[in-house]
1. Compute the angle between helix 383-397 and the longest alpha-carbon principal axis of the chain, please, reported from 0 to 90 degrees and rounded to the nearest 10.
2. For segment 165-241, which trypsin sites (Lys or Arg not before Pro) pass both filters: DSSP loop (anything but H, G, I, E, B) and at most 13 other C-beta atoms within 10 Å?
3. So how do Met341, Met211, Met139, Met381 line up by other beta-carbon neighbours within 10 Å, fewest first?
4. Looking only at Cα atoms, what is the convex hull volume of the chain per residue, in Å³?
5. Among all cysteines in the chain, which have no other cysteine Cβ under 4.7 Å from their own Cβ?
6. With θ taken as phi - 60° and the coefficients 6.51, -1.76 and 1.60, list the Karplus ³J(HN,Hα) couplings across segment 304-315 in order, rounded to whole Hz; mark glycine and proline as x.
7. What are the ³J(HN,Hα) couplings of segment 65-80, residue after residue, when phi is run through the Karplus curve with 6.51, -1.76, 1.60 and θ = phi - 60°? Round to Hz, x for glycine and proline.
8. Order of Asp148, Asp53, Asp186 from fewest to most other C-beta atoms within 10 Å?
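Bear in mind that the values in this text are calculations on the coordinates, not laboratory data. Given the structure is predicted, the values throughout are model-derived calculations rather than measurements. Virtual Cβ from ideal backbone geometry, glycine too; neighbours counted across all protein chains shown.
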Amino acid sequence: MDKASKTLKISDILDIEKIKTVNHSIQKAHGLPNECYTKSEYLNFEKEKIFCDNWTVIGTASSIPDIGDAKIYSLLGIPIIIIRDKSNNIKVFHNVCSHRGVRLVNESCKLKNIIRCPYHSWTYDFSGKLIATPHIGGMNIHEAKGFDREKSNLKEIRSHVWMDLIFININKNAKSFDQSIKSLNDRWSKFISEEDKKLVRHAKDFGYFNMEVNTNWKLAIENFCESYHLPWVHPELNKVSNIKDHYHIEDSFGTYSGQGSYKYVQQFYHNKKFATFPNWPSNLTNNAEYVSLFPNVMLGIHIDHFYAFWLEPLDNNKTREHFEMYYVGSESAESDDFKEMREKNFKFWQNVMNEDIFAIESMQRGRSSPVYNGGNFSPIMDTPTLMFHRWVANSLTK
Ligand code: FES
Ligand SMILES: [Fe+2]
């Protein structure tokens, strides 16, 4: 972040009083103002205060399974590279060469031992250490007096893998990941133990899709926070998990919100059912929970599968949504016996996510209306949504 934008305040970009109305009682509160969905200066500010200051999801560890696998990513223009290193750990770096600043790796690939810059061949190892600087001191002289290689290592980004999801905190200023996730971990400890989490496997097939939607990323999160729209937008889902069987979820620490259902049933099976989490209590078999973990990932947990729907913001009005499906253990996730069931389950959720597109794109269009003022909330049905608005507002103004 350059100095000028560091000193920029949210009040330089939009009317702070409008944002603060989210902190009124829900009966009096209005949502975030339109500019938070439409204005590019605002998006730049949000990039810092929301995405770089917090733990943001940028991909999955299982998508780079082998040592040397590398994936590139752009967080609103910030070039990033994710690597599986020689110790089988995920490392995340700023994807920029320390020499003349070219983007170091230009496409996702398999690296052999090193990362070599395509411009002048400066070379880094998988820990980011600069290990070769050919001809830096003139022809055939590979070192230069006064040049300290140590200072030109790649810049690592703070990262953490949780439930296969790779989280990063670019500005290095968030609480530790363990502290940040503690509240959700504690909540879900009633369903799954730490050992159970190790059983989670990405589906070998019918496990991933992405889609580009014409909406601001926040509207996807907001839509996921509530079950209010179920009967009208998801008639099929509403048959198996009716609106009246849902409850709100609001984290007392304000790190996530969403909804839960008391009526989840394992609806797809032939001779056998998907494996279930071993420690999931028998009296909670039909519980499922859907939470938006702020800022950018929506999670669904059930006794026999878990999904993550994470958001790649592209512009004010453009977002790529990535859907990742997981099962309990490799048999359910990988064996051919479960393939048909995986397909059905995947299509079921894909259909649900597709049904939401109209709502989130249409809300974006509505935010160009000069008479919309952030809207009003249902005091009963919209409390999880307001929690997200407050989290955004407080992140911007703190
Ligand atoms: S820019 Fe990378 S080696 Fe010159
Ligand atoms: Fe929905």
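1. With rounding to tens, the tilt is 30 degrees.
2. Details: sites: Lys172, Lys175, Lys182, Arg187, Lys190, Lys197, Lys198, Arg201, Lys204, Lys218, Lys239; in loops: Lys172, Lys175, Lys190, Lys198, Lys204.
Passing both the DSSP loop test and the Cβ count: Lys172, Lys175, Lys190, Lys198.
3. Values: Met341 21, Met211 13, Met139 6, Met381 16.
In increasing order of surrounding Cβ atoms, one gets Met139, Met211, Met381, Met341.
4. Details: hull volume 58.6 nm³, N = 398.
That works out to 147 Å³ per residue.
5. Cys36, Cys52, Cys109, Cys225
6. Using θ = phi - 60°, the values come out as 10, 7, 9, 9, 10, 10, 10, 10, 10, x, 10, 6 Hz.
7. After applying 6.51 cos²θ - 1.76 cosθ + 1.60, I find x, 10, 4, x, 5, 9, 10, 9, 8, 10, 9, 6, x, 7, x, 10 Hz.
8. On the way: Asp148 8, Asp53 19, Asp186 11.
Ranking Asp148, Asp53, Asp186 by Cβ neighbours within 10 Å, fewest first, gives Asp148, Asp186, Asp53.
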